[in-house]
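The values are calculated or read from the model by the stated rules, or taken from the named source; none is laboratory data. Only a predicted model underlies this, so the values are computations on that prediction, with no experimental measurement involved. Please note: Cβ atoms are built from the backbone with ideal geometry, for glycine as well, and neighbour counts cover all protein chains shown.
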Amino acid sequence: MDRTVPGTKVKARHDSGLYAWVIADGAGRVVTYERDVRWDGSAGRRGTEMWLHDAWVAAREGTGPQPGAPYAAA
């Protein structure tokens, strides 16, 4: 089942080079967030596991194909 989460997504980069993002609803309440995300620039894809993405989880479990970049390698 696909779901659309309405809100505003904000991304930020820390001095350490890691990223964070948050989705806030219209009232400013946090709907979901993720922190300590690493980007693999040489591979052109994310370097951190993607447990919130069903296609990545399926690839990791061997029940689906590896999603292309920018998805992380499963």
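Checking the structure you have, find out if any residue of the stretch 42-50 is without any contact (Cβ under 8 Å) to a residue 12 or more places away in the chain and surrounded by 11 or more Cβ atoms within 10 Å (Cβ to Cβ).
no
To keep it simple, each residue is scored yes or no on (1) modelled with pLDDT of 95 or more; (2) more than 23 Å from Ala69 (Cβ to Cβ).
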{"position": "Arg3", "(1), (2)": "no, yes"}
{"position": "Tyr19", "(1), (2)": "yes, no"}
{"position": "Gly28", "(1), (2)": "no, yes"}
{"position": "Val31", "(1), (2)": "no, yes"}
{"position": "Asp36", "(1), (2)": "yes, no"}
{"position": "Trp39", "(1), (2)": "no, no"}
{"position": "Ala43", "(1), (2)": "no, no"}
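Of the residues making up the stretch 5-23, those that are assigned to a strand (DSSP E or B) and more than 12 Å from Val37 (Cβ to Cβ) number 4. In the stretch 5-33, what residues are in contact (Cβ under 8 Å) with a residue 12 or more places away in the chain and either exposed (fewer than 10 other Cβ atoms within 10 Å of the Cβ) or in contact with a Leu (Cβ under 6 Å, 6 or more places away or on another chain) (or both)? Within the stretch 5-33, Val5, Pro6, Gly17, Gly26 qualify.
Being outside any loop (DSSP other than H, G, I, E, B), in contact (Cβ under 8 Å) with a residue 12 or more places away in the chain and touching an Asp or Glu at 6+ places or on another chain (Cβ under 7 Å) is the requirement here; does Trp56 meet it? Considered against the rule, which asks whether it is outside any loop (DSSP other than H, G, I, E, B), in contact (Cβ under 8 Å) with a residue 12 or more places away in the chain and touching an Asp or Glu at 6+ places or on another chain (Cβ under 7 Å), Trp56 comes out as no.
Inspection of the stretch 53-61 identifies at least one residue that is of a type outside the set (Gly, Ala, Ser), at pLDDT below 95 and more than 14 Å from Ala20 (Cα to Cα). Criterion applied to Asp36, Asp2 was being exposed (fewer than 11 other Cβ atoms within 10 Å of the Cβ), of a type in the set (Asp, Glu) and assigned to a loop (DSSP other than H, G, I, E, B), and the one residue passing it is Asp2.
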